[in-house]
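Novice: Below: one structure in structure tokens.
The values are calculated or read from the model by the stated rules, or taken from the named source; none is laboratory data. Owing to the predicted nature of the structure, the values given are computational and were not obtained by experimental measurement. Positions of Cβ are backbone-derived with ideal geometry, glycine not excepted, and every protein chain shown enters the neighbour counts. For accessibility, only protein heavy atoms count, side chains too; no ligands or nucleic acids. Shrake-Rupley method; radii C 1.70, N 1.55, O 1.52, S 1.80 Å.
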Number of protein chains: 2
Amino acid sequence: MSRRTRPAALVPGFRAAGVHCGIKKSGAPDLALIASDAPCAAAGLFTRSSVVGAPVELSRRRVRGGRARAVLVNSGISNVAMGERGRRSAEQMTAWAAESLGCRPTEVLVASTGVIGQPLPMAKLRRGIHALADALRPEGLPDAARAIMTTDTHPKLAARRVRVGDTTVHVAGIAKGVGMIEPRMATLLAFVLCDAAVAPPFLRRVLRQAADASFNRVSVDGEQSTSDTALLLANGRAGNHLLRGPGSRGAGAFAAAVGEVCEELARMLARDGEGATKLVTVRVGGARSPSEAERAARRIANSLLVKTALFGRDPNWGRILQTVGAGGVRLRLPRTRIALCGVAVFKDGTSAGPAARRRAAARLGAPDVDIEVHLGAGRSEARIWTCDLSYDYVRINAEYTT
Amino acid sequence: MSRRTRPAALVPGFRAAGVHCGIKKSGAPDLALIASDAPCAAAGLFTRSSVVGAPVELSRRRVRGGRARAVLVNSGISNVAMGERGRRSAEQMTAWAAESLGCRPTEVLVASTGVIGQPLPMAKLRRGIHALADALRPEGLPDAARAIMTTDTHPKLAARRVRVGDTTVHVAGIAKGVGMIEPRMATLLAFVLCDAAVAPPFLRRVLRQAADASFNRVSVDGEQSTSDTALLLANGRAGNHLLRGPGSRGAGAFAAAVGEVCEELARMLARDGEGATKLVTVRVGGARSPSEAERAARRIANSLLVKTALFGRDPNWGRILQTVGAGGVRLRLPRTRIALCGVAVFKDGTSAGPAARRRAAARLGAPDVDIEVHLGAGRSEARIWTCDLSYDYVRINAEYTT
């Protein structure tokens, strides 16, 4: 478990649970439910892939109204590319959950993650959903976090408490990675709960900003899942004055807390990338435009040559330079600077020498590694989190079965 | 050695050699020279990276005039990001070669491949260049092919003989890969020689078309080297009527022979991609536009999830579908079809079932593997060659030193 989940994985008015219903052959938990005692304001962001799963289609439609009560999630099978049968399965799952919770099916959102192209075992899901409803409890969020995992090595939770005006608000979130990860407007699966009272349009804005600075800054493998879903639910239980927009009292603090929870989850996702041995933070500065800064940072984060060099603790600035160049990003070589873990290994257009390289190599063994590149061409900057590429990445993805 | 180099690795009027001058610590050959007895028409294509090596700058400038006499190539150090010192080194190398050959330095083109950011050992190069001049011989092209290798596991040669009008023309080429490979307008290093008489503007056109259908259709790792260089030299020794353009007699046959040599080299490059266990041909059809077809094919060819699945012999059509979707490529799922090695594993919008999957899995063990995707959205198509991603890719790139 993460070190920083202590403050409050509890959000008043929410209950959660995770059970094993039988999708995963390992016996690991594979079905999660998060439910609010009262209707919530809700916001969602979804994959921008042109191939999306039935659960994404259904949840995207339902969350548009800005209201929801519960989120049902299964792992192991993603319910993608199953045609009409997939659509019926997704609807049926939410109907069973609604029946157990005593709400309307349209108040239940759904997400599925796992293998593409297999049918969901509906009889097992029905029994599992009933078991979940009985297992719901206020402190159940860690169980839900565990039940949404696929190749994740550990569950991912983050929480914050924040003052919104005179009121204490609780924010907690869970997420899962850890392959097919380079979301553009949403992510993987991430569910963030809070007890603030928030108007749905502002809630959407808070989620979009938080996701853009967190989930959308992670890349494990340059892919974007067919199932990416990020949801933010706010049940209003804290009793704060309704947050209607950025001008509302406490709105900034609230948005910052949601942002921090999302950033903490995003960093956990990158650190737990498939086969990863380290969390890598790529910072690019001195670019001609924000989009060039982001392109340079994403190229570095996705470069197999850079990622394998990091795994090998090789301070290989040449590979960083080549992948920036290959992306057509403009740089002024005599002003370009590359630092690894704070050690400048390339400056004034050439190598900083073998002593710098040795110092950088020694620091590349740490579990947290920084790459800083200054392009010397402008003032824009960008940040992306990623991980290294190890033998285990190949093992996991050569052996993880269809 | 390749099976198909037999017809004519000899091109009349050209001599070549490869020696060990001392750049590579292994003692392997690391310096090559190809020289024509007479001045040649010459055409070149180079990396489009915004970071290029000094040899690329120099050769690009010199080949613009459409004439050349020799190509000098070293492997082991790429002479990139070395500032003014790198530029002087590149010029000096060509001056020494010109001295040995009795031609002008501006008639010598140069290419360097290997580690970025280290100085070239000039004293060793001087001795090596003199040794090369003595070693030049008509049947020396395989030696040159060996001397330009970096992480290549074997040299790459291809040759054709073709009738141009009433004249027999010889075409032979060598190339090296095998990392930083996703060239857009040129490639890696490739040098193609012929004894045809060709006007330089038409020679450029022939090279561009051949490269676009061959080297530019290969991707090993989605990177583009700072040193990519493809050169085509034609010494006119065959005595054919000058080929001035596509309307000249025999021009089509000549262009086809150059194209075949380039395609054979490109396929060798993909098959010998770092750590590769198989050559993968990706064909996409039914796209809305040629650019969407190419984008889909490149996404499949560069997808870590697809490449690791191929290494694991896993007929995982779900990963193929997701990476096409993640690229925003339009498809009509109910009409989409995916075949692996001729076995349809996905059709009519869903899985073709476990029997098809088992048959495909059995065929994925072959050294040549095909992925065919029909998007059902239009009539455009594209083809890309790539390879799988194995433990050895990680080993090579985590251990290959700066």
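Novice: Please go through region A:332-348 and pick out each residue that is open to solvent by 40 Å² or more (accessible area, probe 1.4 Å), not basic (Lys, Arg) and not in a helix (DSSP H, G or I).
Specialist: A:342, A:348 - these are the residues of region A:332-348 that are open to solvent by 40 Å² or more (accessible area, probe 1.4 Å), not basic (Lys, Arg) and not in a helix (DSSP H, G or I).
Novice: When you check residue B:60 against the structure, is it modelled with pLDDT of 95 or more, of a type outside the set (S, T, N, Q), open to solvent by 20 Å² or more (accessible area, probe 1.4 Å) and out of contact with any helix residue (DSSP H, G or I) (no Cβ under 6 Å at 6 or more places or on another chain), yes or no? Walk me through it before giving the result.
Specialist: On the way: modelled with pLDDT of 95 or more: no; of a type outside the set (S, T, N, Q): yes; open to solvent by 20 Å² or more (accessible area, probe 1.4 Å): yes; out of contact with any helix residue (DSSP H, G or I) (no Cβ under 6 Å at 6 or more places or on another chain): yes.
No.
Novice: Looking at this structure, is residue A:351 among the small types (Gly, Ala, Ser), within 12 Å of chain B (Cβ to nearest Cβ) and open to solvent by less than 10 Å² (accessible area, probe 1.4 Å)?
Specialist: Numbers: among the small types (Gly, Ala, Ser): yes; within 12 Å of chain B (Cβ to nearest Cβ): yes; open to solvent by less than 10 Å² (accessible area, probe 1.4 Å): no.
It is false that residue A:351 is among the small types (Gly, Ala, Ser), within 12 Å of chain B (Cβ to nearest Cβ) and open to solvent by less than 10 Å² (accessible area, probe 1.4 Å).
Novice: Which members of region A:153-165 meet the condition of being of a type outside the set (Val, Ile, Thr), more than 20 Å from residue A:71 (Cβ to Cβ) and at pLDDT 90 or above?
Specialist: First, pick out the residues of region A:153-165 that are of a type outside the set (Val, Ile, Thr): A:154-161, A:163, A:165.
Those still in the list that are more than 20 Å from residue A:71 (Cβ to Cβ) too: A:154, A:161, A:163, A:165.
Once the filter is applied, which keeps residues that are of a type outside the set (Val, Ile, Thr), more than 20 Å from residue A:71 (Cβ to Cβ) and at pLDDT 90 or above, region A:153-165 yields A:161, A:163.
Novice: Same structure, new question: Within region B:254-295, how many residues turn out to be touching a Gly at 6+ places or on another chain (Cβ under 6 Å) and at pLDDT 95 or above?
Specialist: Going through region B:254-295 one residue at a time, the tally reaches 3.
Novice: With B:236, B:222 as the choices, which residue is touching a residue at least 12 places away in the same chain (Cβ under 8 Å) and more than 14 Å from chain A (Cβ to nearest Cβ)?
Specialist: Answer to the selection: B:236.
Novice: Then there's this: Using the structure shown, decide if residue A:177 is open to solvent by less than 50 Å² (accessible area, probe 1.4 Å) and within 14 Å of chain B (Cβ to nearest Cβ).
Specialist: Details: open to solvent by less than 50 Å² (accessible area, probe 1.4 Å): yes; within 14 Å of chain B (Cβ to nearest Cβ): yes.
Yes, satisfied.
Novice: What is the number of the single condition among (1) over 26 Å from residue B:211 (Cα atoms); (2) out of contact with any His (no Cβ under 7 Å at 6 or more places or on another chain); (3) within 11 Å of another protein chain (Cβ to nearest Cβ) that residue B:342 does not meet?
Specialist: (3) is the only condition that residue B:342 fails.
Novice: Residue B:241 versus (1) open to solvent by 30 Å² or more (accessible area, probe 1.4 Å); (2) closer than 27 Å to residue B:398 by Cα; (3) over 23 Å from the mean Cα position of the chain (by Cα): which is the lone unmet condition?
Specialist: Of the numbered conditions (1) open to solvent by 30 Å² or more (accessible area, probe 1.4 Å); (2) closer than 27 Å to residue B:398 by Cα; (3) over 23 Å from the mean Cα position of the chain (by Cα), the odd one out for residue B:241 is (2).
Novice: Quick one: how many residues across region B:361-402 are outside any helix (DSSP H, G or I), among the acidic types (Asp, Glu) and within 13 Å of chain A (Cβ to nearest Cβ)?
Specialist: 1
Novice: Of all the residues that make up region A:358-390, how many are touching a strand residue (DSSP E or B) at 6+ places or on another chain (Cβ under 6 Å) and of a type in the set (D, E, K, R)?
Specialist: Residues in region A:358-390 being touching a strand residue (DSSP E or B) at 6+ places or on another chain (Cβ under 6 Å) and of a type in the set (D, E, K, R): 6 in total.
Novice: Here's something else I'd like to know. Just give me the residues in region A:43-99 being under 19 Å from residue B:349 (Cα atoms) and either β-branched (Val, Ile, Thr) or outside any helix (DSSP H, G or I) (or both), in sequence order. Walk me through it before giving the result.
Specialist: Of region A:43-99, the ones under 19 Å from residue B:349 (Cα atoms) are A:49-58, A:77-90.
Listed by number, the residues that qualify are A:49, A:50, A:51, A:52, A:53, A:56, A:77, A:78, A:79, A:80, A:81, A:82.
Novice: Being charged (D, E, K, R) and part of a strand (DSSP E or B) is the filter here; which residues of region B:266-299 pass it?
Specialist: B:283
Novice: Could you please find all residues in region B:259-271 being open to solvent by less than 10 Å² (accessible area, probe 1.4 Å) and of a type outside the set (Gly, Ala, Ser)?
Specialist: Hits for region B:259-271 are B:261, B:262, B:265, B:269.
Novice: Going by the structure shown, is residue A:233 surrounded by 24 or more Cβ atoms within 10 Å (Cβ to Cβ) and at pLDDT 90 or above? Reasoning before the result, please.
Specialist: Values: surrounded by 24 or more Cβ atoms within 10 Å (Cβ to Cβ): yes; at pLDDT 90 or above: yes.
So residue A:233 fits the description; yes.
Novice: Answer yes if at least one residue in region B:217-228 is modelled with pLDDT of 90 or more, surrounded by fewer than 24 Cβ atoms within 10 Å (Cβ to Cβ), out of contact with any strand residue (DSSP E or B) (no Cβ under 8 Å at 6 or more places or on another chain) and not polar (S, T, N, Q), and no otherwise. I'd like the intermediate steps shown before the answer.
Specialist: Looking only at region B:217-228, we keep the residues that are modelled with pLDDT of 90 or more, and these are none.
Within region B:217-228, not a single residue is modelled with pLDDT of 90 or more, surrounded by fewer than 24 Cβ atoms within 10 Å (Cβ to Cβ), out of contact with any strand residue (DSSP E or B) (no Cβ under 8 Å at 6 or more places or on another chain) and not polar (S, T, N, Q).
Novice: Can we say residue A:153 is buried (at least 17 other Cβ atoms within 10 Å of the Cβ), within 25 Å of the chain's Cα centre (by Cα) and hydroxyl-bearing (Ser, Thr, Tyr)?
Specialist: Values: buried (at least 17 other Cβ atoms within 10 Å of the Cβ): no; within 25 Å of the chain's Cα centre (by Cα): yes; hydroxyl-bearing (Ser, Thr, Tyr): yes.
Answer is no for this residue.
Novice: Conditions: (1) in contact with a Leu (Cβ under 8 Å, 6 or more places away or on another chain); (2) within 16 Å of residue B:297 (Cβ to Cβ); (3) more than 7 Å from chain A (Cβ to nearest Cβ). Residue B:313 meets all but one. Number of the miss?
Specialist: Unmet condition: (2).
Novice: With in contact with a Ser or Thr (Cβ under 7 Å, 6 or more places away or on another chain) and free of Cβ contacts under 8 Å to residues at least 12 places away in the same chain as the only criterion, which of A:362, A:352, A:398 stands out? Working first, answer last.
Specialist: Numbers: A:362 fails: in contact with a Ser or Thr (Cβ under 7 Å, 6 or more places away or on another chain); A:352 fails: in contact with a Ser or Thr (Cβ under 7 Å, 6 or more places away or on another chain).
None of the other options fit; the residue is A:398.
Novice: Counting just the residues of region B:52-71 that are free of Cβ contacts under 8 Å to residues at least 60 places away in the same chain, among the aliphatic types (A, V, I, L, M) and more than 14 Å from chain A (Cβ to nearest Cβ), which one comes out farthest from residue B:126 (Cα to Cα)?
Specialist: Filtering region B:52-71 for residues that are free of Cβ contacts under 8 Å to residues at least 60 places away in the same chain, among the aliphatic types (A, V, I, L, M) and more than 14 Å from chain A (Cβ to nearest Cβ), the one farthest from residue B:126 (Cα to Cα) comes out as B:58.
Novice: Go through A:265, A:269, A:233 for me and flag whichever is of a type in the set (A, V, I, L, M), closer than 20 Å to residue A:169 by Cα and touching a Leu at 6+ places or on another chain (Cβ under 7 Å).
Specialist: Going through A:265, A:269, A:233 in turn, just one is of a type in the set (A, V, I, L, M), closer than 20 Å to residue A:169 by Cα and touching a Leu at 6+ places or on another chain (Cβ under 7 Å): A:233.
Novice: From B:363, B:395, grab the single residue that is open to solvent by 80 Å² or more (accessible area, probe 1.4 Å), modelled with pLDDT of 90 or more and basic (Lys, Arg).
Specialist: B:363
Novice: Right, something else. Just one of the numbered conditions (1) more than 14 Å from every other protein chain (Cβ to nearest Cβ); (2) open to solvent by less than 20 Å² (accessible area, probe 1.4 Å) is not true of residue B:49; which one?
Specialist: (1)
Novice: Follow-up question, since we're still on this one. Suppose we filter A:296, A:256, A:287, A:276 for residues that are more than 14 Å from chain B (Cβ to nearest Cβ) and either over 19 Å from residue A:358 (Cα atoms) or open to solvent by 20 Å² or more (accessible area, probe 1.4 Å) (or both); which single one remains?
Specialist: Being more than 14 Å from chain B (Cβ to nearest Cβ) and either over 19 Å from residue A:358 (Cα atoms) or open to solvent by 20 Å² or more (accessible area, probe 1.4 Å) (or both) holds for just one of A:296, A:256, A:287, A:276, which is A:256.
Novice: Right, here's the next one. Does region A:313-331 contain any residue that is among the hydroxyl-bearing types (Ser, Thr, Tyr) and open to solvent by 10 Å² or more (accessible area, probe 1.4 Å)?
Specialist: no
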